[in-house]
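Below you'll find the structure, written out as structure tokens, and then a few comments.
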Amino acid sequence: MIKLAVLLQRKPGMSFEAFDRHWDGPHGDLVVGIPEFMRHVRRYSQSHVVDPSYEGAGMEWQAAKIDGIAEVSFDDVDAMTAAFNEPRFVELVGTDDAQFIDGGAVSVLVTQEIEKIPLNGSPAVKLSVAIKRPDGMSFDAFDTYWNTTHAEIVTSVPEFTRHVRRYVQSHIIQEYTGADDRSKLTNQWSFAPFDGIAELWFDDAAEVVRAFNEPAFIETIAPDDVNFVDQAGTKLLVVQEIEKFPNLVHRYSN
């Protein structure tokens, strides 16, 4: 299974709340109401920013200039391509996108999830870290190091992992690294300038801060970042993940 992560920015001049409400309600309902598109989809969720003024829990990484991340899972790349080329999807969703999204700022990552810590509990928030590798490091070297060495370090520190309710690495499919000048994937979206997304679930936003301020995290995990992460190019979001399919959930009641 693959997951398409769509990084969204709201239309210029639109408030964050207006964007967030339209995305959650009218847009989400529209998408799941198109059977020609949804027959290809295995899961659809929206990651809504918890606080648009959030500045990264006191960490050195910068808050992302992203207003939300749509995540859509498919069996494979062929199913994804077929879905986004369904005529009714192109017609209806393309028209609605213009109501709340800055189309020129939308970017995507085509990924495969690798779970490092299975779900435990009922977490309320997710930290999404869009990672950029350092200049001079190959994609393969980055991908292998992150998947093996770094993951092993993270999961070996109980003082940190006791705060974590789930940990997933979303690895870019090599064919879609965005490292070349190939044509756009769909809808004129470009490839995001990142090499993967780390996703960690927590009980709440305060727990994110506690986890990353654990002395054991600072002493053991954080120093490893310099081995495979360009911190200046790495961005983070604290989000609430709202499932749209197979279960339709809304963030707002009206």
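A short reminder: the numbers here are calculations on the coordinates, not readings from a lab. Please read all numbers here as calculations on a predicted model, not as lab measurements. Backbone-built Cβ (ideal geometry, glycine too); neighbour counts: all protein chains shown.
Residues S128, S156, S45, ranked from the fewest to the most other C-beta atoms within 10 Å, line up as S156, S45, S128. In this structure, the pairs whose alpha-carbon distance is over 23 Å, taken from K65/K132; K3/K235; K11/K132, are K11/K132. Each of M1, M137 has some number of other Cβ atoms within 10 Å of its Cβ, and from fewest to most they run M1, M137. Each helix, a run of at least 4 DSSP H residues, gives -39500 (n - 2.57); summed and divided by the residues of the chain, these come to -6000 deg cm²/dmol at 222 nm. The order of the peptides 235-245, 141-151 by mean Cβ neighbours within 10 Å, most packed first, is 235-245, 141-151. Tell me, how many Å apart are the Cα centres for region 206-243 and for region 68-98? Centre-to-centre (Cα) distance: 31 Å. In plain terms, the residue of L127, L119, L30, L109 with the fewest other Cβ atoms within 10 Å comes first and the most crowded comes last, giving L119, L30, L127, L109.
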